[in-house]
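Below you'll find the structure, written out as structure tokens, and then a few comments.
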């Protein structure tokens, strides 16, 4: 039995730039990992059974991304072993922090190690994208500029940041928000045609914006309230398709001070960016 961390993510910038024929939207985004975690305990089994044990959340087993990850890795590698998987969730579901995708990525990396499958990071990322668009980023395991549906990743150099995050009391379905995205609506920002060292400064000026934010704000007054409160402390923005909103501040101490002022009215988290995923070393 081993216990593995499954960290959250923030989208420091998110732009919708098109749509594929299969319906997936094409994005440009900057992902960063933060030190908020779900925890996953895995016990390898000598038989081929994949078992979800004592989950503290309720979703249909066939929709559980951690279990789907284990099964697709087992099938891809033809591994005869199984696993008992226990997911202890602390990250809010439907909050835009990537908890389910992170769980899937952690299971892929952990079982690749425990089952001694020997797959490379890229091979696991190729499996991950079959589970969810954000899964490859967590396997990539560092701050990244992403294109495509989120699977085309390049390292993005950005200093350590500290964040105050508010989780409004609503859970938002990503599919619903993208369904409402008007493809004739031009993104507020010019599409970045290439990405490299010369683009870093250009991209940095475009952080802390989210093309999906206005759609969410039209339907969820709780998100409006949380965002307006955080804007008192800086350039607050929504992560992913919501519902969580965040603001970057100069220090962990400042983040804790702001959070203490907000906790009487909101569910608040304080987090700092991670240089690498806790399981980065396994690949």
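The values are calculated or read from the model by the stated rules, or taken from the named source; none is laboratory data. A quick note: this is a predicted structure, and the numbers were derived from the prediction, not measured. We place every Cβ from the backbone using ideal geometry, glycine too, and count neighbours over all the protein chains shown.
Would region 156-174 turn up any residue that is touching a residue at least 24 places away in the same chain (Cβ under 8 Å), in a helix (DSSP H, G or I) and either within 24 Å of residue 211 (Cβ to Cβ) or touching a helix residue (DSSP H, G or I) at 6+ places or on another chain (Cβ under 9 Å) (or both)?
Yes, region 156-174 has at least one match.
Take the conditions farther than 26 Å from residue 175 by Cα, at pLDDT 90 or above and buried (at least 16 other Cβ atoms within 10 Å of the Cβ) and apply them to residue 203. Does it pass? So residue 203 fails the test. Residue-level check: of (1) buried (at least 20 other Cβ atoms within 10 Å of the Cβ); (2) farther than 30 Å from residue 223 by Cα; (3) in contact with a strand residue (DSSP E or B) (Cβ under 9 Å, 6 or more places away or on another chain), residue 53 misses just (1). Is there a residue being touching a residue at least 24 places away in the same chain (Cβ under 8 Å) and closer than 18 Å to residue 175 by Cα anywhere in region 28-37? Yes, that holds for at least one residue.
Among the residues that make up region 240-261, is at least one of them in contact with a helix residue (DSSP H, G or I) (Cβ under 8 Å, 6 or more places away or on another chain), assigned to a helix (DSSP H, G or I), under 27 Å from residue 38 (Cα atoms) and modelled with pLDDT under 95?
There is no residue in region 240-261 that is in contact with a helix residue (DSSP H, G or I) (Cβ under 8 Å, 6 or more places away or on another chain), assigned to a helix (DSSP H, G or I), under 27 Å from residue 38 (Cα atoms) and modelled with pLDDT under 95.
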